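Undergrad: Handing you a structure now.
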Amino acid sequence: MTEGVAGGPQGSSKETGGRLASNFTYLIAAQIVAKASSLGILVLLAHYMEQDAFGRYAVAVAIPMAIEAAGDLGISQAMVRSSAGQPEQLRQAFSAALPLKFGLAIAMVALSTAIALVLGLTREVVEVAIYLAMAKALESLTYFARSVFQASERMEFEAASLILDSASRILFVVYALASGFGLVGLAKALVLSAAVVLAATLFIAVKRFIGPVRLAPFPQAAPLIRAGIPLAFVWFLDVVPMRADVILIEHIGGDRAAALFSVAVRLVEPFSILPYTISVAMLPLAARHVLRAMPTLPSLFQATLKVSLALAAAGALVLAGTASVVVTTVFGPSFAEATVTTVILAVALVPLFADGLIATFVTAFYQQRRLVLAQGAGLAVNLVVAFASMPVWGIAGVAAAVLVGELTTVMTALFIVPQVRDLASPRTLRVFAAAVPAALVLGSGELIGPFGAATFALAFFVALLVALQVFDEAERRYLQASLRSLVLLLKPRSA
C-alpha cells in the first residue's frame, strides 16, 4: 500500500486536512450565503403570494428540479473525478463536453415542457415551468463551468460564483415582485439572473483555467458520457423524491397542501449546506485516496461520517425543538400547519447527511451502479409509503415517507457496497445512540419553551458525545490536522 504524497501517512494526513479545510471554508461560506438568499426569496414569495399561488409555484419549480440531472448526464462530476489535479486532461474533457452540454440544456427545457403538459397543469403553471426550466438549464451550464474549479481544487472560485448567483437572484426577484409581474414575470427574472451568472462563471473558468477552447468532435466526449450516466442516475434519484412528493401532494391534496409541504422542505433544505459542501470538497480528495490506496482513507471516511452525523443530529434537534416558532415567524401564522411536517423532516436530516457522504465515497470507488440500486429502493419505499399514508395523515405522512425512504437508501448502500461497508465502523452508531435521549428532551418542550428545550437537548447531546468517546485516536488526529489548517487559513496575514 502506498503512503501517498508528502512523505508518508503523516504528510498525507496533513495535506488532506489542509486541502479539505481550505475547500470546506470557501464552500461553506458561499453555501450559507446561497441558502440564506434562497430562503429569503421564498419568504418574500410566501408573503407576497396567496397560499394557492405559492403552491402552484412549488409545483412548477419541482418539475425542472426533478429532471435537473438530464441537463448534465453526470458529465460534470465525471470530469471532476477523472481530471482532478490534471490540468491538460481537464482542458481536453471540457472542450469535448461543452457542445454536448449546450445540447442537453435545450433537451432539458423540452422535457420539462412535455412533463408539464402531460400532467395536465394549468396554462399558467405550464408557462412558469417552461421559464423555470430555462433558468435551470442555464444553471446546469454554470454547474459544468464550476466543475472546472472543483477539478482544480480551487473552491474559492466556486464560492465567488455562488455568491454572485445569490446576489443576482435576489436583485431580479425583488424587482419582479416590486413591479407586480406575477408568477410568469418572476420566472422570467430568474432566467435573466441565471444568464448573468453563467456568463461570468464561464468566462472565468475559460480565462483562468482552460485557455483557448478547441471544440472536439462528439466521439471524444463518449468516455465522459459513459462515466457520467451512472452519476446522472445517482443525481436524479437524490433529488427526485421530495420533488415527486410535491407533485403527488398537489394532485391528491391541492395547491394549499403543496404549499405547506414546500414550506417544511424549504426550512430543512438550508441544513443541506453541510452535506453538499462536505461532498463537493471531499470528492477530489476521496478519488485521489482511492486511486493511490492511501492509508488515511479509513480515517478520512469514518471521521468525516461521524462529524456529518453529529452535525445532522444537532441540526435536527434545533429545528425540531423550534419548528413551531420558526414556521410562524418566517412564513406567517397561516402556515402553522406545516410544523409537524417540519419536525419529521428535521429527523430525516440524519440519514440525508449520511446518504450524501456515502454517495461521495461510492462515486470515488466507481461503484455508483450499486448506489443507484440503493437509491432506487429508497425512492420506491418513499413513494409507496407516501401514497398509502397521505390519505390518512396528510402531508405529515409524506414527510414520514421521506424519512423511511432515506433510511432504506443508507442501509441498502451499506449492505450492497462492500468497500464502504468495510470502511464504516460500528462505533459510528454511537452518534445515533446519543441523539435518542437528547431527542426525548424535546418532549418537554411545552414545559420549558421551544427554544429552551432545543438548547438543553443540544447541550445534553454534546455532553453524551464526549462521554461516549465517539472519535478514536486516529480520527482525532485527522480532525485536529484539519482544524489547525482551517485556523491558519482564516488567520489574518501580514503584508
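Readers should treat all values here as calculations from the given coordinates under stated rules, not as data from a laboratory. Computed from a predicted structure; not experimentally measured. As a convention, Cβ positions derive from the backbone with ideal geometry for all residues, glycine included, and neighbour counts pool all protein chains shown.
Undergrad: May I ask you to derive the FRET efficiency for residue 114 and residue 366 from their Cβ-Cβ distance with R0 = 30 Å, giving the value to the nearest 0.05?
TA: Efficiency at R0 = 30 Å is approximately 0.35.
Undergrad: Listed highest first by mean packing, meaning other Cβ atoms within 10 Å per residue, what order do 79-90, 417-428 come in?
TA: Packing proxy ranking, top to bottom: 79-90, 417-428.
Undergrad: Place the peptides 353-362, 322-331, 160-169 in order of packing, highest mean first, counting for every residue the other Cβ atoms within 10 Å and averaging per peptide.
TA: In descending order of packing, they fall as 353-362, 160-169, 322-331.
Undergrad: Ok, one more. Given the rule -39500 (n - 2.57) for each run of at least 4 DSSP H residues, summed and divided by the residues of the chain, what is its mean residue ellipticity at 222 nm, to the nearest 500 deg cm²/dmol?
TA: Using -39500 (n - 2.57) per qualifying helix, the result is -28500 deg cm²/dmol.
Undergrad: Taking the Cα-to-Cβ direction at residue 440 and at residue 328 and moving 7 Å from each Cα, how far apart do the two end points lie in nm?
TA: Computed distance between label sites residue 440 and residue 328 equals 2.9 nm.
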